[in-house]
Amino acid sequence: MDKFLNSVHLDPDKCKGCINCIKRCPTGAIRVRNGKAVITKEKCIDCGECIRICQNHAKMPTYDPLSAMNDYKYKIALPAPSLYGQFNNLEDSNIVLTALKLMGFDDVYEVGAAAEIVSEMSRKYVMEHKEQWPIVSTACPSVVKLIRVRFPNLIDHLLPIQAPVELAASLARKKAMEETGLPSEDIGIFFISPCPAKVSACKNPFGIDKCDVDAVLAVKDVYPRLLSFMKVAALEPEDLSHAGRIGVGWGSSGGEAGGLLSDIYLAADGIENVIRVLEDLEDQKFTNLEFIELNACSGGCVGGVLNVENPYVAKAKLKKLRKYMPVAGSHMRHEDMALWTRKVEYEPVFKLGENMAESIRLMSRVDEIAKKFPGIDCGSCGAPSCRALAEDIVRGVASESDCIHILREYIHKITGEMSMLDKRNNGEEGEGK
């Protein structure tokens, strides 16, 4: 399994070689080389910022097509809580769940229901492990990836509990096998995802060896199909929902932390804000915090690039839907199933040297080269900053002449020397005459 599996890819035919994506990438994973963007998969955290910013739609998410439903005898949909926020005037989540069955699924299992189990486990874990405070949520795969490659000192703060989708998939498969008698291979578990990060996390999960999700569908692909069944589903919806306010609340920022039933937490959304919080946490600026919820997307999961609705409008819709829900709809206990079975390991993708001495030497070389550049971080070289270009040069994948300002000075120098040589030659010819 590729531990750097990503779900964001580039369509080179659409790429115009602009520098919008390299300026927005939070980990500096993108460069523009030979007129086309290049994504370094080891540094990519699947946050989707490049997809949002690319005006040419050259950055694209990877996910499974709806036709994957045809590969299984029995199909189960796992709708993310953020799915409910895509629909106007939705007063009952059962309408969406019933529409999913009309669309072709044999059963549904809400990720929000599993989220309530995770919330209960998290409350218990946080109170029993005060030495880890503040404990950092692991529900957002982009955040876990970011910590794994950039904040190794914070790995011990990660909450070692499966994400709700992983638990939901396991419970849904177990339930289907018991009720239908079908073997596991005939049962397809389909997660309806709001973002590409969850796609790669389902294919290559953290903390566990395998996720029970068989295919990941995009909300934006499922949404138009569901609309055609919503009116019929609204006439007589089945009683399928097992998620209450806590579970559905996971769809937007602050929902997970709110499920802990504690006020001693911090919730931040948007990748730039997440990085700022992690830097402050690394500098030990937080005191007396129990829990930190971080979401790479603005607004939380409702802000994922695979959604169709404005994240803040979707957040308001979820708030309205939750108003008359019970606090929680799922009260099952599955502590033995939801804990991580292996630890997240630090991946030093940003280091320059193989050891401390070499790293210090190469960093000094980076500082030396960076001083030659103007420091305006224009991005014309294909790197996001002058320092990033200096690091690329030290790594041997770029040269000083990639800087347009250095190149211009070089051209002016060569032009001046050629002009002097030309004058000298003309003078010698004149004396000869």
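Beta bridges per DSSP, both residues in the chain: antiparallel share near 30 percent. Note on Val232 and Cys18: their simple-model spin labels are 4.2 nm apart, each label 7 Å out from Cα toward Cβ.
Sequentially through the range 156-163, phi angles give Karplus couplings (6.51, -1.76, 1.60; θ = phi - 60°) of 5, 8, 5, 6, x, 10, 4, 5 Hz, Gly and Pro residues having no value and appearing as x. Each helix, a run of at least 4 DSSP H residues, gives -39500 (n - 2.57); summed and divided by the residues of the chain, these come to -13000 deg cm²/dmol at 222 nm.
Hey, which of these cross-link pairs are over 19 Å Cα-Cα: Lys41/Lys343; Lys145/Lys203; Lys3/Lys210; Lys101/Lys231; Lys43/Lys372; Lys3/Lys41? Beyond 19 Å between Cα atoms: Lys41/Lys343; Lys43/Lys372. With an 8 Å Cα cut-off and a minimum separation of 6 or more residues, compute the relative contact order for the chain in percent. Relative contact order, the chain: 21 percent.
Between Gly375, Val108, Ile292, the Cα set farthest toward the positive side of the dipole of the chain (charges on each charged residue's Cβ, about the Cα centre) is that of Gly375.
Computed about its Cα centre, the charge dipole of the range 196-350 is approximately 720 debye, with only Lys, Arg, Asp and Glu carrying charge at their Cβ.
Residues of the range 95-131 with an amide N closer than 18 Å to a point placed 7 Å from the Cα of Leu289 along the Cα-to-Cβ direction: 123, 126-127, 129-131. Value of Rg to Rh for the range 90-206, rounded to two decimals, is 1.03; Kirkwood radius and Rg both from alpha-carbon coordinates. This model, with +1 at the C-beta of Lys and Arg and -1 at the C-beta of Asp and Glu, gives the range 244-306 a dipole about its Cα centre of some 260 debye. Counting Lys and Arg as +1 and Asp and Glu as -1 over every other residue whose Cβ lies under 10 Å from the Cβ of Gly254, the net charge comes to -2.
Centre-to-centre, using Cα atoms only, the range 273-290 and the range 44-75 are separated by 32 Å. Rounded to the nearest whole Hz, the Karplus-based 3J(HN,Hα) values (6.51 cos²θ - 1.76 cosθ + 1.60, θ = phi - 60°) of the range 289-306 follow the sequence 8, 8, 8, 10, 9, 10, 10, 5, 8, 5, x, x, 5, 5, x, x, 6, 8, with x at glycine and proline.
Taking other Cβ atoms within 10 Å as a rough exposure proxy, Ser364, Ser252 sort from fewest to most as Ser364, Ser252. Each of Ala338, Met121, Leu227 was placed along the dipole of the range 66-338 (beta-carbon charges, centred on the mean Cα), and the one lying farthest toward the positive end is Leu227. Distance distribution note for the chain: the fraction of Cα pairs above 41 angstrom is 25%. About its Cα centre, the chain has a charge dipole of approximately 920 debye under the convention of +1 per Lys or Arg Cβ and -1 per Asp or Glu Cβ, with nothing else charged.
Mean projection of the alpha-carbon convex hull of the range 8-61 over all orientations, in nm²?
That works out to 3.0 nm², a quarter of the Cα hull's surface.
For the range 82-93, the Karplus equation 6.51 cos²θ - 1.76 cosθ + 1.60, evaluated at θ = phi - 60°, returns couplings of 5, 4, 5, x, 8, 10, 7, 6, 7, 10, 9, 5 Hz by residue, with Gly and Pro reported as x. Along the charge dipole of the range 8-61, Cβ charges K/R +1 and D/E -1, which of His9, Cys44, Asn34 sits furthest on the positive end? Sorting the options by dipole projection puts first Asn34.
Computed from the coordinates by the stated procedures, all read-outs in this text should not be read as laboratory data. This is a predicted model, so every value here is computed, not measured. Here Cβ is always computed from backbone atoms with ideal geometry, including for glycine, and neighbour counts include all displayed protein chains.
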